[in-house]
Amino acid sequence: RADLRHAFPQLLGESAALLRALQLLDRSADAKFSVLLAGESGTGKELAARALHAAGPRRTRPFVAVNVAAVPGALLESELFGHVKGAFTGAERERHGLAREADGGTLFLDEIGDMSASAQAKVLRALQEGKITRVGADKDIAVDVRVIAATNKDLLQEVDAKNFRLDLYHRLSVIIIHVPSLNDRRDDIPMLVDQFLKDIC
C-alpha cells in the first residue's frame, strides 16, 4: 500500500477501490500496450492517465491530451494527425498534429466513445502500423506513441449500436482500468478535502 501511494502521489486515497486501480496502474506502467480508463465523468481519468505516463518509461517524453468530445468531428482528424497547407478551407499553413507532438511519449484520448467513424479508422491504423497520414497528404509518417484512452460510456454497447469499431475496441482495451467514483471510495473524502483546503490556502 505504501509503495503504491509513493508510486502514484497524484492520486490521493487509501480506499480499497482506489488501491485496486493503483495496482492495475502499477502493473501497466511499463507495458507497451494501450490502456482504457473507464469511469464516470469527474472521477479523475486524466489524472490517472498522467500518473500512468509519469510512472512509465516514457515519462521524459511528451504527454499530450485531447478531449475528443470537445473537438468538432470535421476538425478532429486535423487536430490528431495534422494537415498540409491547402488541405481544406482555412488551412493556410501545415500542422503537425497531436500524434506527432506526442511522438515518443503518450497520447491521451479522452471521451474516446465520441470519436467519429473516420477518425476511429485512422486511430486504428496508427495503433496497428505506427503510421499516420496528415489530412491532404499522400505520404505516411511514422509515430511512436502509447495511447491511453478514457471513456464514461460502455464501449461494448456502443459497438452493438454500430457507433464504435470492435477492432478498435480490442486494440484500446488490452488493459482496462476502472477509475472509481467517490461513491465507491467515500473513505477517501476526508483526505481529499484536507488536500483541497491546503491547495486553496
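Test of understanding: among 73, 82, which residue is open to solvent by less than 40 Å² (accessible area, probe 1.4 Å) and closer than 23 Å to residue 121 by Cα?
Exactly one residue qualifies, and that residue is 82.
Tally the residues that are part of a strand (DSSP E or B) and touching a Phe, Trp or Tyr at 6+ places or on another chain (Cβ under 9 Å), restricting the search to the stretch 38-66.
The number of residues fulfilling the criteria is 4.
Do you know which residues across the stretch 18-37 are of a type outside the set (Val, Ile, Thr) and within 22 Å of residue 128 (Cα to Cα)?
Step one: filter the stretch 18-37 for residues of a type outside the set (Val, Ile, Thr), giving 18-34, 36-37.
Matches in the stretch 18-37: 28, 29, 30, 31, 32, 33, 34, 36, 37.
Name the residue that is least open to solvent (accessible area, probe 1.4 Å), counting only residues in the stretch 85-112 that are at pLDDT 85 or above and out of contact with any helix residue (DSSP H, G or I) (no Cβ under 9 Å at 6 or more places or on another chain).
102
What number of residues within the stretch 1-32 satisfy the criterion of being at pLDDT 90 or above, open to solvent by 20 Å² or more (accessible area, probe 1.4 Å) and closer than 20 Å to residue 170 by Cα?
3
Six or more apart or on different chains, Cβ under 6 Å: which pairs go from a residue in the stretch 100-117 that's touching a residue at least 40 places away in the same chain (Cβ under 8 Å) to one that's outside any helix (DSSP H, G or I) and hydroxyl-bearing (Ser, Thr, Tyr)? Could you list them?
112/151; 113/151
For the stretch 33-63, enumerate the residues that are among the hydroxyl-bearing types (Ser, Thr, Tyr) and either surrounded by fewer than 17 Cβ atoms within 10 Å (Cβ to Cβ) or closer than 23 Å to residue 170 by Cα (or both).
Initially, the stretch 33-63 is screened for residues among the hydroxyl-bearing types (Ser, Thr, Tyr), giving 34, 41, 43, 60.
Hits for the stretch 33-63 are 34, 41, 60.
Restricting attention to strands (runs of 3 or more DSSP E) lying wholly within the stretch 113-201, give those where 3 or more residues are open to solvent by 80 Å² or more (accessible area, probe 1.4 Å). Quick ask: steps written out before the conclusion?
Numbers: elements: 131-133, 140-142, 146-151, 175-178.
Passing ranges: none, list empty.
The values are calculated or read from the model by the stated rules, or taken from the named source; none is laboratory data. Everything quoted here is computed from the prediction, not taken from an experiment. Don't worry about glycine lacking a Cβ; one is built from the backbone with ideal geometry, like all the others, and counts go over all protein chains shown. The area values use the complete protein model at the heavy-atom level, side chains included, leaving out ligands, DNA and RNA. Shrake-Rupley method; radii C 1.70, N 1.55, O 1.52, S 1.80 Å.
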